[in-house]
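Take a look at the structure set out below.
The values are calculated or read from the model by the stated rules, or taken from the named source; none is laboratory data. Computed from a predicted model, the values in this text were never measured in an experiment. Cβ placement follows ideal geometry from the backbone for every residue including glycine, while neighbour counts extend to all protein chains displayed. The area values use the complete protein model at the heavy-atom level, side chains included, leaving out ligands, DNA and RNA. Shrake-Rupley method; radii C 1.70, N 1.55, O 1.52, S 1.80 Å.
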Amino acid sequence: MIDKNNFEAPLRAKRDELIRTMRGSAAELTLETKEPELIDHVQGMNGRDEIAIMLNKFSSTLEDVERSLRAISEGSYGVCAICEEPIADKRLQAIPWAANCISCQQQFEATQERYDQTHL
């Protein structure tokens, strides 16, 4: 069994990495002050959209990392948020900020996929 406290340093490092990356990416979202050509404007908008999507993903991962750090300090790290069973050590090694066991995560993703298909 893995010592859950061994994950604190890697989680803190991941948090710092995400924050640095998000700050750098956010700087790329600034709008130009001059009037660009139409094609340049469209390409710029597409690039900003991609950055915004990436920032959203990083923000979500950062929330998961912060939640995991809180769970370590509270002594509840490594417990599935849905079924409250232990998360497999292999899963935590692969994704230290995992909130759910693999079974609950798969059910969650299947439900999300069905929702997305019916609401798009």
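Things to note:
- Inter-residue pairs, beta-carbon under 6 Å, first closer than 18 Å to Ala71 by Cβ and in region 98-120, second open to solvent by 100 Å² or more (accessible area, probe 1.4 Å), 6+ apart: Cys101/Glu85
- Output for region 1-34, where each listed residue is over 20 Å from Ile95 (Cα atoms) and either modelled with pLDDT under 80 or open to solvent by 50 Å² or more (accessible area, probe 1.4 Å) (or both): Arg23, Ala26, Ala27, Glu28, Leu29, Thr30, Leu31, Glu32, Thr33, Lys34
- Contacts under 7 angstrom Cβ, first residue in region 78-91 being in a loop (DSSP other than H, G, I, E, B), partner among the hydrophobic types (A, V, I, L, M, F, W, C) and open to solvent by 90 Å² or more (accessible area, probe 1.4 Å), 6 or more apart: Ala88/Ile102
- Region 92-120, residues that are assigned to a helix (DSSP H, G or I) and among the β-branched types (Val, Ile, Thr): Ile102, Thr111, Thr118
- Under the condition of being in contact with a Lys or Arg (Cβ under 9 Å, 6 or more places away or on another chain) and surrounded by fewer than 17 Cβ atoms within 10 Å (Cβ to Cβ), the residues counted in region 81-97 number 1.
- The residue that is surrounded by the fewest Cβ atoms within 10 Å (Cβ to Cβ), counting only those in region 60-80 that are in contact with a helix residue (DSSP H, G or I) (Cβ under 9 Å, 6 or more places away or on another chain) and more than 15 Å from Arg12 (Cα to Cα), is Gly75.
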